[in-house]
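Where a number appears in this text, it was derived from the coordinates with a stated rule and is not lab data. Small disclaimer: the values here were computed from a predicted structure and weren't measured. Counting neighbours? That spans all protein chains shown, and the Cβs are built from the backbone with ideal geometry, glycine included.
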Amino acid sequence: MGTVSETDNEVNEEMDMSEGNIHTNPSSHRGTEAERMMRARASERTVLVVNRDGKALDPTTSARANAMIRDGKATVLRRCPFTIKLTHQARSCTSNLAACIDIGSTHVGAAVVDIDRRQTLHQQETMQRTDIKMKMDRRRDCRGKRRCRKTRSREARFLNRAASIREGRLPPTLQPKLWGVVCVIRNLCKWYPIKHVVIEGTKFDIHRLVNPDVEGEGYRLGPKFGYRNVTECVLDRDGHECRQCGAKSTSRNGLRLEVHHVIPRSRRGPTIPGNLVTLCAKCHKDVTDG
């Protein structure tokens with residue numbers, strides 16, 4: 001019984017510190033309304049529950065979890081996220097929980113929702129790896145330099161790796177993102193009795209947002225078709241002429257033209273022809289300096 005009491009005290013101390021609970025002297029007044037609200041919020045904190053066989057059960061409140069630990073009906077399994085494990089085999093869960101996943105390019109948002117009570121039980125955000133492309137470039141450079149040093153006379157070979165031509169293969173930059181989402185779902189199913197998994201799979205037609213009438217061949221013949229980059233497209237659209245002072249660049253005067261963002265990139269201005277104008281170097285400096 002002494003061990004259970006010590007564990008219970010640790011759990012109470014950890015939860016009170018995390019929730020910012022205020023302790024008052026029992027012999028004094030019962031506390032203000034704000035203190036009572038904070039104690040009620042701490043008692044309603046969600047605690048994860050695992051059955052004796054290791055399967056996840058319905059979450060419970062911190063007050064009930066403390067009572068179960070004090071009576072010897074549960075033990076502390078992990079502290080982050082705080083989870084208790086029952087010492088006896090309980091019946092299966094009854095909640096209708098769903099894991100909602102929002103997949104982004106750099107972050108994965110996840111939430112556990114109780115569908116029947118329309119309540120959110122858990123929220124988290126996981127950062128995806130973004131260094132795969134950089135490491136692959138470094139590896140390619142190292143291999144190229146090694147071939148130049150040791151096998152200068154060897155003929156060039158392409159697609160000589162079995163992994164690169166395997167059917168159903170995912171690119172190395174997408175494979176870690178896929179496994180990152182799978183790991184998030186597995187962890188949520190380990191902590192909560194998930195019955196449904198909802199993944200946001202919205203697709204946007206960027207070309208149709210700009211031109212609603214585009215179809216067929218129009219997708220290939222975009223505004224930058226025939227140009228090497230967006231800068232060349234903007235310069236040709238403006239006739240190689242500064243939109244501020246009207247100076248025109250020719251092969252004789254050697255005037256330097258630059259492309260200016262109307263909405264600055266510091267305010268998330270896009271690099272598209274509609275947000276770019278042609279300015280000479282002097283006018284560009286004056287506009288930038290304000």
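In the range 190-290, which trypsin sites (Lys or Arg not before Pro) fall in coil by DSSP and have 16 or fewer other Cβ atoms within 10 Å?
Passing both the DSSP loop test and the Cβ count: K203, R220, K224, R228, R243, R252, R256, R268.
Can you give the FRET efficiency for R147 and R228, using 1/(1 + (r/R0)^6), R0 = 30 Å, r = Cβ-Cβ distance, to the nearest 0.05?
Once rounded, the FRET efficiency stands at 0.55.
Based on alpha-carbon centroids, what's the gap between the range 223-258 and the range 166-199 in Å, whole number please?
Comparing the Cα centres of the range 223-258 and the range 166-199, I get a distance of 47 Å.
Quote the Stokes-Einstein diffusion coefficient, in whole µm² s⁻¹, for the range 115-201, based on the Kirkwood radius over alpha carbon pairs, a temperature of 4 °C and a viscosity of 1.567 mPa s.
Answer, rounded: 75 µm²/s.
For H196 and R79, what does the FRET efficiency come to when R0 = 30 Å and r is the distance between their Cβ atoms, rounded to the nearest 0.05?
Plugging the Cβ-Cβ distance into 1/(1 + (r/R0)^6) gives 0.60.
How about the range 73-174: which GluC sites (Glu not before Pro) there are in a DSSP loop, with at most 16 other Cβ atoms within 10 Å of their Cβ?
Filter output for the range 73-174: E155, E167.
Per the Kirkwood formula on distinct C-alpha pairs, the Rh of the range 154-243 is how many angstrom?
The answer is 19.1 Å.
Any idea what the alpha-carbon Rg over 2.2 N^0.38 Å comes to for the range 213-290?
1.24
Using label points projected 7 Å from each Cα along Cα→Cβ, tell me how many nm separate D114 and R208, to one decimal.
4.0 nm
Given Cα pairs under 8 Å that are at least 6 residues apart, what percent is the relative contact order of the range 45-94?
Normalised by residue count, the contact order of the range 45-94 is 41 percent.
Would you kindly derive the ³J(HN,Hα) couplings of the range 270-282 from the backbone phi angles with the Karplus curve 6.51 cos²θ - 1.76 cosθ + 1.60 (θ = phi - 60°), listing them in order in whole Hz, with x for Gly and Pro?
x, 8, 10, x, x, 10, 10, 9, 8, 9, 6, 4, 5
Fully extended, how many nm does the chain gain between L174 and R52 (0.36 nm per residue separation, minus their Cα-Cα distance)?
40.1 nm
What distance in nm lies between label points placed 7 Å from Cα along the C-beta direction at I272 and R166?
3.9 nm
Provide the FRET efficiency to the nearest 0.05 for the R265-R138 pair, computing r from the beta carbons and using R0 = 35 Å.
0.85
Sort 179-187, 136-144 by packing, meaning the average of other beta carbons within 10 Å per residue, with the highest value first.
179-187, 136-144
Name the residue farthest towards the positive end of the dipole of the range 161-290 from the options A163, S249, N187, assuming +1 on Cβ of Lys and Arg, -1 on Cβ of Asp and Glu, about the Cα centre.
N187
Do the alpha carbons of any pairs in K203/K224; K224/K248; K135/K285; K85/K195; K133/K195; K73/K190 sit beyond 27 Å of each other, and which pairs?
As for pairs spanning more than 27 Å Cα to Cα, those are K135/K285; K133/K195.
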